[in-house]
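Engineer: Let me begin by handing over the structure; questions about it come next.
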Amino acid sequence: MKMKRPAWAGRNYTLLTAAAVVTGLGSSGALIAAAFAVLEAGGSATDVGLVAAARTVPLVIFLLVGGAVADRLPRHRVMVAANVLNCVSQGAFALLVLTGEPTLWQMALLSALGGTGQAFFAPAAEGMVLASVSGEHSGRAFAFFRMGMNGANIGGAALGGALIAAVGPGWVLAVDAAAFALAGLLRAFLDVRGVPPREPGHGLLADLRDGWREVVSRPWLWSIVLQFAIVNAVVAAAEAVYGPLVAQEHLGGPGPWGLALAAFGAGTVGGALLMTRYKPRYLLRVGALCVFPLALPSAALAVPLPAGGLTAVMFGAGIAVEVFAVTWMMALHQEIPEEKFSRVSSYDWLGSLAMVPLATALAGPVQDLIGRTTALWACSALIALLTAAVLCVRDVRWLKRRPDAAPAAEPTESAGAAASAEAAASAEVLDHAPAEAPGQVPVTGLPSTAAADDVTPH
């Protein structure tokens, strides 16, 4: 029996969703494969960290440039070019692993090229899914998109681990390169005929300053970006450093910890499914309230709870963070001018990622100074206090969802402002041309769960 596609899921939405699922399957396994490739080449745990850092550093450095470029050029072309770069870098990485013993500098260089591609891809991709459907269906469409992407991340990690054990990391990296090639091909077929040509800007620095003004002029935007700069950092420290140590000493080893992480991933799928039905009136109020549960995993590790209790907590946190992810993206899509979206998104991504390497590097010394339990309780308290502070921002509490919202044509002064005439006039174009419109929600989520091609907050 042939499944009927929903009327609101047009060609562009289908292509974008299929491309994200394909790269999610490939990239989740490749993240594991890269680490094992370093170890099989004789590298140490420090070498694994260096290769991972080699990807993160150019990602942070080039994010703002990537956002400005995506607002000056057709976004679908920027995405395709980034996919090509990722395909080439992963293909070369796979070839090195399959044909010989790659050196550390070679793996770090190729990882850095992958991070550079992601720096240009992420700001260009943000918001395109929401721009491909009408405003009344935007929440459901984005939730289905996130559900498919999160499911692909979970399945890709499981499949990647099995393939690494069966055929080695080189072939998993090769599969990821092929996934990027297929995703680039799908995105090349996006229908952008209805998108007007972009006006030339006033230079890269001028565009970056303009994006900065867009961010600081909206208290709800900069306050949440600042919140997640710290929230993502402490969650990363708890998940990447403290979690495995607690699991090793109190929970029975890596098995229960892996189960807890899988439960978080399953929770994100459940949260996306919930958001296909739930349409909150006050987007950011609901979203901010759902950040509080992110404090629970750190607290559970501090106690520590038994493996079953930790798994349940991680599942609930996954649901909550996915609700935030959908409401956050809907707010951005509704309030930010389309022609400035990528610049704003690049600041969002930068805020989300900038402090993560520092937090993970300092996690060990902080544990030595105050103890692991105290450090975990501090992580939990920071998340709760920052979330409470953000809820004190008036626009966070009162920004309303507009059912027929399209990207704003000019900045809004208040959270409940109605769509401008220009935004309404552009709605028809955007409904048919998603390729020209922001999360790993880059702002939200657990950093280590994001695939290389994730278009939302981690």
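The values are calculated or read from the model by the stated rules, or taken from the named source; none is laboratory data. Worth saying up front: this structure is predicted, and the values here are computed from it rather than measured. We place every Cβ from the backbone using ideal geometry, glycine too, and count neighbours over all the protein chains shown. What goes into the accessible areas is simple: the full protein's heavy atoms, side chains included, and nothing from ligands, DNA or RNA. Shrake-Rupley method; radii C 1.70, N 1.55, O 1.52, S 1.80 Å.
Engineer: Confirm whether residue 33 is over 30 Å from residue 208 (Cβ atoms) and modelled with pLDDT of 75 or more. I'd like the intermediate steps shown before the answer.
Structural biologist: Working: over 30 Å from residue 208 (Cβ atoms): yes; modelled with pLDDT of 75 or more: yes.
Criteria met by residue 33.
Engineer: Checking residue 305 against (1) outside any loop (DSSP other than H, G, I, E, B); (2) of a type in the set (A, V, I, L, M); (3) closer than 22 Å to residue 259 by Cβ: exactly one of these is not met. Which one?
Structural biologist: Tallying (1) outside any loop (DSSP other than H, G, I, E, B); (2) of a type in the set (A, V, I, L, M); (3) closer than 22 Å to residue 259 by Cβ, residue 305 fails exactly one: (1).
Engineer: For residue 62, work out the one condition from (1) modelled with pLDDT under 80; (2) surrounded by fewer than 23 Cβ atoms within 10 Å (Cβ to Cβ) it doesn't fulfil.
Structural biologist: Result: residue 62 passes all but (1).
Engineer: Hey, does the range 228-249 have a residue that's surrounded by fewer than 22 Cβ atoms within 10 Å (Cβ to Cβ) and among the charged types (D, E, K, R)?
Structural biologist: Among the residues of the range 228-249, at least one is surrounded by fewer than 22 Cβ atoms within 10 Å (Cβ to Cβ) and among the charged types (D, E, K, R), which makes the answer yes.
Engineer: Are there any pairs, at least 6 apart or on different chains, whose C-beta atoms fall under 8 Å, with the first in the range 33-51 and more than 22 Å from residue 163 (Cα to Cα) and assigned to a helix (DSSP H, G or I) and the second open to solvent by less than 50 Å² (accessible area, probe 1.4 Å) and modelled with pLDDT of 70 or more, and if so, which?
Structural biologist: Hits for this filter: 47/38; 50/108.
Engineer: Tally the residues that are in a helix (DSSP H, G or I) and open to solvent by less than 10 Å² (accessible area, probe 1.4 Å), restricting the search to the range 277-293.
Structural biologist: 4
Engineer: Which is in contact with a helix residue (DSSP H, G or I) (Cβ under 6 Å, 6 or more places away or on another chain), closer than 15 Å to residue 110 by Cα, open to solvent by less than 60 Å² (accessible area, probe 1.4 Å) and not aromatic (Phe, Trp, Tyr), of 30, 52, 68, 34? Steps first, answer last, please.
Structural biologist: Numbers: 52 fails: in contact with a helix residue (DSSP H, G or I) (Cβ under 6 Å, 6 or more places away or on another chain); 68 fails: closer than 15 Å to residue 110 by Cα; 34 fails: in contact with a helix residue (DSSP H, G or I) (Cβ under 6 Å, 6 or more places away or on another chain).
One residue alone meets the criteria, 30.
Engineer: While we're here: Being surrounded by fewer than 19 Cβ atoms within 10 Å (Cβ to Cβ) and closer than 23 Å to residue 338 by Cα is the filter here; which residues of the range 73-84 pass it? Show your work before the answer.
Structural biologist: Let us first name the residues in the range 73-84 that are surrounded by fewer than 19 Cβ atoms within 10 Å (Cβ to Cβ), namely 73-74, 77, 81, 84.
73, 74, 77, 81, listed by residue number.
Engineer: So in the range 302-358, with the set limited to residues that are closer than 14 Å to residue 221 by Cα, in contact with a Leu (Cβ under 6 Å, 6 or more places away or on another chain) and polar (S, T, N, Q), which one is modelled with the highest pLDDT?
Structural biologist: 327
Engineer: On the given criteria, is residue 225 more than 22 Å from residue 372 (Cβ to Cβ) and within 19 Å of the chain's Cα centre (by Cα)? Spell out the reasoning first.
Structural biologist: Working: more than 22 Å from residue 372 (Cβ to Cβ): yes; within 19 Å of the chain's Cα centre (by Cα): yes.
Yes; evaluated as a whole, the condition is true for this residue.
Engineer: Can you tell me which residue within the range 258-276, out of those that are of a type in the set (Val, Ile, Thr) and in a helix (DSSP H, G or I), is farthest from residue 325 (Cα to Cα)?
Structural biologist: As a first pass, look at the range 258-276 and keep what is of a type in the set (Val, Ile, Thr): 268-269, 276.
Filter again for in a helix (DSSP H, G or I), leaving 268-269.
Numbers: 268: 10, 269: 12 Å.
For the range 258-276, the residue satisfying everything is 269.
Engineer: Here is a list of conditions, (1) modelled with pLDDT of 80 or more; (2) over 17 Å from the mean Cα position of the chain (by Cα), and residue 50 meets all of them except one; can you say which number that is?
Structural biologist: (1)
Engineer: Return yes when residue 181 is open to solvent by 30 Å² or more (accessible area, probe 1.4 Å) and either at pLDDT 90 or above or not acidic (Asp, Glu) (or both) and no when it is not.
Structural biologist: Details: open to solvent by 30 Å² or more (accessible area, probe 1.4 Å): yes; either at pLDDT 90 or above or not acidic (Asp, Glu) (or both): yes.
It is true that residue 181 is open to solvent by 30 Å² or more (accessible area, probe 1.4 Å) and either at pLDDT 90 or above or not acidic (Asp, Glu) (or both).
Engineer: Is there any pair with a first residue in the range 386-413 that is farther than 20 Å from residue 340 by Cα and aromatic (Phe, Trp, Tyr) and a second that is open to solvent by less than 30 Å² (accessible area, probe 1.4 Å) and at pLDDT below 85 whose Cβ atoms are under 7 Å apart and which are 6 or more apart or on different chains, and what are they?
Structural biologist: If the second residue must be open to solvent by less than 30 Å² (accessible area, probe 1.4 Å) and at pLDDT below 85, the pairs left are 398/415.
Engineer: Follow-up question, since we're still on this one. Give the range 361-411 a look and list any residue that's within 18 Å of residue 298 (Cα to Cα), at pLDDT 90 or above, among the hydrophobic types (A, V, I, L, M, F, W, C) and open to solvent by less than 20 Å² (accessible area, probe 1.4 Å), or say none.
Structural biologist: Residues satisfying the conditions are 375, 376, 379, 383.
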